[in-house]
Amino acid sequence: MTQPRAILPLFLLLPALTLGQVASPPDSGQEDWPALLEHTARPAMQGRLGESEQQLRALLARAPASQPALQADILHRLQFVLRSRQQTAAALEAASQALALRIQAFGPRHLLVAESQQAYARLLAPTQPGSAEKLLLAALQTSDQLAGSESLAAAAARHALGLFYQQQKQDDKAAEQLGRALAIRQKRLPADHPDTLYTQARLGAALQQLKQYERAIGLLQDALEGETRRGNADGLHAAIITRELAYCYHYQQHYAEAETRYQQALNLLALNLGSQHHAYTVTLQALGWLYISSQRESEGRALLETARQRLQQAEKDAAPRK
């Protein structure tokens with residue numbers, strides 16, 4: 001079994017990249033809350049999520065009740081860590097509390113409230129999509145009104161809304177929102193900024209679902225080249241982009257190119273997540289169907305059986321989890 005290197009899931013890794021230099025805890029007895037919060041990011045970015053959770057909970061216990069904005073900042077970070085650890089119920093509670101505290105501190109119309117609405121909506125989306133969409137639309141309205149429709153805050157809100165529509169299989173709406181977010185980020189951010197590359201790759205994935213394969217390939221290939229220029233050619237995002245490219249070539253019946261991309265994606269997923277991860281298994285399954293489509297029946301059936309067994313075992317392992 002391939003052992004993964006320490007790395008965060010993408011939804012936690014990409015926001016963490018914007019944090020900048022992580023500060024060390026202060027030596028004096030005074031509480032330097034910004035530095036203490038930044039210090040919790042170090043173990044999280046190295047994949048030590050349990051340690052990060054402990055640090056955040058300790059900070060939360062020390063945070064004065066008279067500072068709801070500070071409590072909300074800690075809870076907002078905590079929900080990211082809990083979500084990464086697949087502790088969905090606890091993450092929902094933390095996100096809900098963070099939203100309530102930010103409304104208490106700033107009122108209902110504030111950019112930090114919009115940020116919390118987006119985080120809470122992401123957690124609600126699988127079970128309460130209607131409520132999630134309302135929160136995301138409210139966050140977009142706030143961002144447009146307070147920061148401007150061409151602001152980075154508006155881009156973040158449109159990106160979040162686009163991801164929601166993508167999850168709900170509403171690919172036309174997803175492509176519209178992601179396209180508008182990408183246009184803003186390309187205009188406002190430096191070349192190859194991680195936020196821009198992420199939006200670009202998600203837009204490519206939405207266009208792939210809409211069967212606009214040539215447009216999708218152009219966006220995805222450009223995003224992959226951007227990750228390479230940033231030194232992340234072997235990173236998790238590169239793995240995800242590579243798999244999306246494989247899907248495009250597969251559906252175009254360019255089987256040789258698709259096989260190459262699937263194999264590359266499998267290698268990168270094994271490096272970043274391990275060969276037992278669900279994402280690796282799903283990619284293995286796709287490669288199996290590719291082999292069947294390209295008249296390599298026995299190889300394809302063998303891969304599909306391996307993937308079936310792994311998915312079945314994963315369901316058994318997850319059954320007791322709340």
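The table for this structure:
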{"read-out": "Complete set of residues in the stretch 216-237 that are surrounded by fewer than 17 Cβ atoms within 10 Å (Cβ to Cβ), assigned to a helix (DSSP H, G or I) and among the charged types (D, E, K, R)", "value": "ASP222, GLU225, ARG229"}
{"read-out": "Extreme residue, modelled with the lowest pLDDT, among residues of the stretch 33-44 that are crowded, with 18+ Cβ neighbours inside 10 Å and aliphatic (A, V, I, L, M)", "value": "ALA44"}
{"read-out": "First in the stretch 257-281 and open to solvent by less than 30 Å² (accessible area, probe 1.4 Å), second anywhere and hydrophobic (A, V, I, L, M, F, W, C) and not in a helix (DSSP H, G or I), Cβ under 8 Å, 6 or more apart", "value": "ASN272/ILE7; GLY274/MET1; SER275/MET1"}
{"read-out": "Within the stretch 193-233, considering residues that are touching a helix residue (DSSP H, G or I) at 6+ places or on another chain (Cβ under 6 Å) and acidic (Asp, Glu), the one farthest from ALA279 (Cα to Cα)", "value": "ASP195"}
{"read-out": "Pick from the stretch 240-256, criterion in contact (Cβ under 8 Å) with a residue 40 or more places away in the chain and of a type outside the set (Phe, Trp, Tyr), ranking: nearest to ASP192 (Cα to Cα)", "value": "ILE241"}
{"read-out": "Selection status of LEU112, in contact with a helix residue (DSSP H, G or I) (Cβ under 7 Å, 6 or more places away or on another chain), assigned to a helix (DSSP H, G or I), crowded, with 21+ Cβ neighbours inside 10 Å and without any contact (Cβ under 8 Å) to a residue 60 or more places away in the chain", "value": "no"}
{"read-out": "Only one of GLY231, GLY274, GLY288, GLY235 that is in contact with a Phe, Trp or Tyr (Cβ under 9 Å, 6 or more places away or on another chain) and not charged (D, E, K, R)", "value": "GLY274"}
{"read-out": "First in the stretch 213-234 and under 14 Å from THR199 (Cα atoms), second anywhere and surrounded by fewer than 17 Cβ atoms within 10 Å (Cβ to Cβ), Cβ under 6 Å, 6 or more apart", "value": "GLY226/ASP192"}
{"read-out": "Scan of the stretch 47-75 for residues that are in contact (Cβ under 8 Å) with a residue 40 or more places away in the chain and open to solvent by less than 20 Å² (accessible area, probe 1.4 Å), ordered by number", "value": "ALA72"}
{"read-out": "Residue check, ALA98 open to solvent by less than 30 Å² (accessible area, probe 1.4 Å), more than 20 Å from the chain's Cα centre (by Cα), touching a residue at least 24 places away in the same chain (Cβ under 8 Å) and within 24 Å of HIS159 (Cβ to Cβ)", "value": "no"}
{"read-out": "Positions within the stretch 248-286 being farther than 23 Å from GLN212 by Cβ and of a type in the set (A, V, I, L, M), in sequence order", "value": "LEU266, LEU268, LEU269, ALA270, LEU271, LEU273, ALA279, LEU284"}
{"read-out": "Residues (in contact (Cβ under 8 Å) with a residue 24 or more places away in the chain, assigned to a helix (DSSP H, G or I) and not hydroxyl-bearing (Ser, Thr, Tyr)) located in the stretch 29-46", "value": "TRP33, LEU37, ALA41, ALA44, MET45"}
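The values are calculated or read from the model by the stated rules, or taken from the named source; none is laboratory data. Small disclaimer: the values here were computed from a predicted structure and weren't measured. In this analysis, Cβ positions are derived from the backbone assuming ideal geometry, glycine residues included, and neighbour counts consider all displayed protein chains. The protein model used for the area step is the full one, side chains on, heavy atoms only, and it has no ligands, DNA or RNA in it. Shrake-Rupley method; radii C 1.70, N 1.55, O 1.52, S 1.80 Å.
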